[in-house]
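J.: Here it is, the structure in full.
The values are calculated or read from the model by the stated rules, or taken from the named source; none is laboratory data. Everything numeric in this text was worked out from a predicted model, so none of it was measured. Here Cβ is always computed from backbone atoms with ideal geometry, including for glycine, and neighbour counts include all displayed protein chains.
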């Protein structure tokens, strides 16, 4: 199949290399140093066992018109970056083009084909102007939950840390020919890609950890195991997760993993910095609204109190605002500058 992958960062690069090496026609839509490097050298993927894979037979461009219609568009960017490309994404659409959304958090299409009293409602914290919904129609979308962890360590070079699971699903839970084709293509590339009848339930399970550990880690400059083993932050994470669970339950979602087991799972990951903490340390805009603001909004919509989530949201939003105004980053440094982390 013909793929256009918007973004060749940690996840887009990982997925694109594996798809290309499995024989798919892959074009990366990228900018800057990444674009130049991929055009010259392709994309290198360093697997967690040290194996190096290089996809040289890929195309890279920053011109959507040059790509034209494709079979599958993969949105491999953070949720707050999607609106910046919505005017160009439709240039990739043919009659049957599907869009695989690989954003963390509550997606802009959440209430499309949801049914019930919230059918068709727009998540304003994720799609504030409505332009994403207008330009990337939810009828084209296949939901996807990203479980692997990887990082962009240099232009055109991705390091895989762990995981290979990308569950996919139609928004109405049906098993269609198009979702089967995408799942088969992912499986051929070496991924686990089960087709789920309730993709929203899986989104909530991943979000359950993201909405708590990401902001807490960015505020406390601590890793997952630190948060889970310090009684006060472990309690705070649990309180936030209880509030989120109440919202999800009102939306018909049941969690297949108990709360304490979800926290234990985060603890087992060890000294891992969340993506939000990495962004704060690097001076990048952190991904807050899709992960936390959307849950605050859903709490308001469903008349569910979220005092702990609200407090953490306010603090991390202020941190992001201050970083933006000061054009700075926030890092914790040890006594020895070389030990900064």
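J.: Touching a strand residue (DSSP E or B) at 6+ places or on another chain (Cβ under 6 Å) and touching a residue at least 24 places away in the same chain (Cβ under 8 Å) - does that describe any residue in the stretch 110-125?
T.: no
J.: I'm checking my understanding of the structure. Among residues of the stretch 159-195 that are under 16 Å from residue 50 (Cα atoms) and under 16 Å from the mean Cα position of the chain (by Cα), which one is surrounded by the fewest Cβ atoms within 10 Å (Cβ to Cβ)?
T.: Ranking the candidates gives 162 first.
J.: Let me ask you something else. Can you pull out the residues in the stretch 52-106 that are in a loop (DSSP other than H, G, I, E, B) and touching a strand residue (DSSP E or B) at 6+ places or on another chain (Cβ under 9 Å)?
T.: 56, 57, 58, 62, 63, 68, 69, 76, 77, 88, 102, 103
J.: Would you kindly identify the strands (runs of 3 or more DSSP E) lying entirely within the stretch 140-247 that contain at least 3 residues that are touching a strand residue (DSSP E or B) at 6+ places or on another chain (Cβ under 6 Å)?
T.: Here the list reads 141-144, 149-154, 157-162.
J.: Then there's this: Scanning for something part of a strand (DSSP E or B), over 23 Å from residue 138 (Cβ atoms) and over 22 Å from the mean Cα position of the chain (by Cα), does the stretch 35-51 turn up at least one residue?
T.: Within the stretch 35-51, none of the residues are part of a strand (DSSP E or B), over 23 Å from residue 138 (Cβ atoms) and over 22 Å from the mean Cα position of the chain (by Cα).
J.: Can you tell me how many residues in the stretch 229-249 are touching a helix residue (DSSP H, G or I) at 6+ places or on another chain (Cβ under 9 Å), more than 18 Å from residue 314 (Cβ to Cβ) and surrounded by fewer than 21 Cβ atoms within 10 Å (Cβ to Cβ)?
T.: 7
J.: Filter the helices (runs of 4 or more DSSP H) completely within the stretch 267-341 down to those with at least 1 residues that are at pLDDT 90 or above, over 19 Å from the mean Cα position of the chain (by Cα) and more than 21 Å from residue 212 (Cβ to Cβ).
T.: 307-326
J.: Of the residues in the stretch 250-266, how many are surrounded by fewer than 17 Cβ atoms within 10 Å (Cβ to Cβ) and either part of a helix (DSSP H, G or I) or in contact with a strand residue (DSSP E or B) (Cβ under 9 Å, 6 or more places away or on another chain) (or both)?
T.: Within the stretch 250-266, residues that are surrounded by fewer than 17 Cβ atoms within 10 Å (Cβ to Cβ) and either part of a helix (DSSP H, G or I) or in contact with a strand residue (DSSP E or B) (Cβ under 9 Å, 6 or more places away or on another chain) (or both) number 6.
J.: Determine whether residue 202 is over 28 Å from residue 246 (Cβ atoms) and either assigned by TED's automatic domain parsing to the domain that holds residue 87 or within 16 Å of the chain's Cα centre (by Cα) (or both).
T.: Judged against the criteria, residue 202 is not a match.
J.: Is there any pair with a first residue in the stretch 142-168 that is on the phi > 0 side of the Ramachandran plot and assigned by TED's automatic domain parsing to the domain that holds residue 14 and a second that is in a loop (DSSP other than H, G, I, E, B) and surrounded by 18 or more Cβ atoms within 10 Å (Cβ to Cβ) whose Cβ atoms are under 6 Å apart and which are 6 or more apart or on different chains, and what are they?
T.: 163/148
J.: Something else: Filter the stretch 15-30 down to the residues that are part of a helix (DSSP H, G or I) and surrounded by fewer than 24 Cβ atoms within 10 Å (Cβ to Cβ), then identify the one that is farthest from the chain's Cα centre (by Cα).
T.: Result: 21.
J.: While we're on this one: Which of the residues spanning the stretch 31-41 are within 28 Å of residue 276 (Cα to Cα) and surrounded by fewer than 18 Cβ atoms within 10 Å (Cβ to Cβ)?
T.: Listed by number, the residues that qualify are 31, 32, 33, 36.
Let's see how each residue does on (1) closer than 20 Å to residue 183 by Cα; (2) within 18 Å of the chain's Cα centre (by Cα); (3) surrounded by fewer than 17 Cβ atoms within 10 Å (Cβ to Cβ); (4) not assigned by TED's automatic domain parsing to the domain that holds residue 168:
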residue	(1), (2), (3), (4)
74	yes, yes, no, no
113	no, no, yes, no
118	no, no, yes, no
122	no, no, no, no
126	no, yes, no, no
130	no, no, yes, no
140	yes, no, no, no
